[in-house]
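Everything below concerns the one structure shown next.
The values are calculated or read from the model by the stated rules, or taken from the named source; none is laboratory data. Just so it is clear, the model here is predicted, and its values are computed rather than measured. Note that each Cβ is placed from the backbone with ideal geometry, even for glycine, and that neighbours are counted across all protein chains shown. Areas reflect the complete protein model, heavy atoms only, side chains present, ligands, DNA and RNA absent. Shrake-Rupley method; radii C 1.70, N 1.55, O 1.52, S 1.80 Å.
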Amino acid sequence: MINVTNEIGTLRSVLVHRPGRELERLTPRYLEEMLFEDIPWLKKIREEHDLFAQTLSKRGCKVYYYHDLLADILRKEVVCRSMIDDVLSACRIGSTLLKESIRDYLRGMEAERLAEAFISGLEKKEIDRLAGRSRLSSYIREAYPFYINPLTNLYFTRDPGAVIDSGLVVSAMKTPARNRESLILQYLHDYHPLFADPQGEGQIPLWYKPSDLDSIEGGDILMLSPEVVAVGCSARTGTEGIERLAERLFSGPSGIQEVLVIQIPFARAFMHLDTVITMVDRDTFTIFPDIREKITLFRLKPTKRGGISISPLDSLEKSLKESLRLPAIRLIESGGGDDLTAAREQWNDSTNTLALEPGVVVTYDRNVASNDTLRAAGIEVVEIEGSELVRGRGGPRCMSMPLQREAI
């Protein structure tokens, strides 16, 4: 069952992606285009991700993998053919003959291998060799080497989507390099039984979809309670997308009665809301201290006439307290109170925690001061190694898309 009505209830199922060949196709020339600062070591990053998944499983969480779910639906010929067409349409291949050659090649693949190609990409030399002819790109080393680009960021599964209540947000990604991540999730929503409506009426609701155009990404969505969702207005999530999402949540069967908009600086260092603040207990958040004076807040609520009212707010603590209907809120600053330590550990995603249950979070072991600060505040910290995982600039929350949490 798909259902998430909070950020901290016991995590029962999650969608992840095990890093694969797509990362071996990263080169220094394409780091910026593919949103990396460095090239991870595949063997080590896989070991770290496997330990992360094992940590979740040992806590009773069912772990689903993107590749496996994608292969499931690609075994249906109608889905396979449709998705190949959609992927090729997005690849901007001008030659009709070339596009047909690639289409035939992909249709000849078994489901598992095709799923791999959609994730790890398709090199030009692979097709040109089979076609028995050379193309100009074969002679120019600087030419872009892929017909289908590798999805190097897919292991950050939080970004392409988010579950709100019993429905799904499929993100409209800000950067073109990640558009196919949303396409894959859209297909999973439309065709995989995991996303079927438990009432037997098709699939679960879709609150947002890539064709809505204005960008919105899952890392900016925090499910605070069954009635309140926080959405970051950031470098990756725009105002029109937030309003459209709010309208659908208010008018649909979501239970959401309030959207708390938290505007953060539009900067790579603060990519998403969950890179600067996450919820760790019923009344407790961890926050990067440098951000506290740089945010602007708004409360969106439905009007009786079906519109949206927008109210500016002046205090994060007060706003969270009111939204959660609590007498008090705790904000635990990362870095142990030291500005330099907080800045360094924030770069390694110290505040990007994943709650396993109330008061229990997964973090990277390298963020020593921030982890000690959480423990001193009574939070149980489950550490994982992340020396290679962190190179893509994301933490445990970024690497997970919760599908089901227990109510609290």
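Things to note:
- Checked against (1) open to solvent by less than 20 Å² (accessible area, probe 1.4 Å); (2) in a helix (DSSP H, G or I); (3) at pLDDT 85 or above, residue 177 passes all but a single condition, namely (1).
- Candidate set from segment 194-213 (those that are out of contact with any helix residue (DSSP H, G or I) (no Cβ under 8 Å at 6 or more places or on another chain) and among the acidic types (Asp, Glu)); member that is farthest from residue 62 (Cα to Cα): 201
- The single condition among (1) farther than 18 Å from residue 303 by Cβ; (2) at pLDDT below 95; (3) touching a Gly at 6+ places or on another chain (Cβ under 8 Å) that residue 226 does not meet is (2).
- Hey, residue 18 of a type outside the set (Val, Ile, Thr) and either more than 18 Å from the chain's Cα centre (by Cα) or at pLDDT below 95 (or both) or not: no
- Any helices (runs of 4 or more DSSP H) falling wholly within segment 48-108 and containing at least 3 residues that are surrounded by fewer than 18 Cβ atoms within 10 Å (Cβ to Cβ): 77-90, 96-107
- Failed condition for residue 294, given (1) assigned to a strand (DSSP E or B); (2) surrounded by fewer than 19 Cβ atoms within 10 Å (Cβ to Cβ): (1)
- Subset of segment 5-16 (residues that are open to solvent by 10 Å² or more (accessible area, probe 1.4 Å) and either of a type in the set (Val, Ile, Thr) or in a loop (DSSP other than H, G, I, E, B) (or both)): 5, 7, 10
- Matching residues, segment 309-341, being surrounded by 15 or more Cβ atoms within 10 Å (Cβ to Cβ), farther than 16 Å from residue 7 by Cα and touching a strand residue (DSSP E or B) at 6+ places or on another chain (Cβ under 7 Å): 313, 316, 319, 332, 333, 334
- Residue within segment 342-356 that is closer than 30 Å to residue 48 by Cβ, part of a loop (DSSP other than H, G, I, E, B), out of contact with any Ser or Thr (no Cβ under 7 Å at 6 or more places or on another chain) and without any contact (Cβ under 8 Å) to a residue 60 or more places away in the chain present: yes
- Every pair of residues 6+ apart whose Cβ atoms lie under 6 Å, when the first sits in segment 385-401 and is within 14 Å of residue 50 (Cβ to Cβ) while the second is basic (Lys, Arg) and surrounded by fewer than 24 Cβ atoms within 10 Å (Cβ to Cβ): 388/44
- The one condition from (1) of a type in the set (Val, Ile, Thr); (2) modelled with pLDDT under 95; (3) in a strand (DSSP E or B) that residue 332 does not meet is (2).
- Filter pass, residue 387 being assigned to a loop (DSSP other than H, G, I, E, B), open to solvent by less than 10 Å² (accessible area, probe 1.4 Å) and at pLDDT below 95: no
- Segment 358-383, subset touching an Asp or Glu at 6+ places or on another chain (Cβ under 8 Å) and acidic (Asp, Glu), residue farthest from residue 60 (Cα to Cα): 365
- Test: residue in segment 202-218 that is in a loop (DSSP other than H, G, I, E, B) and without any contact (Cβ under 8 Å) to a residue 24 or more places away in the chain: yes
- The set of residues in segment 256-289 that are assigned to a loop (DSSP other than H, G, I, E, B), open to solvent by 40 Å² or more (accessible area, probe 1.4 Å) and either farther than 27 Å from residue 362 by Cβ or without any contact (Cβ under 8 Å) to a residue 40 or more places away in the chain (or both) comprises 257, 266.
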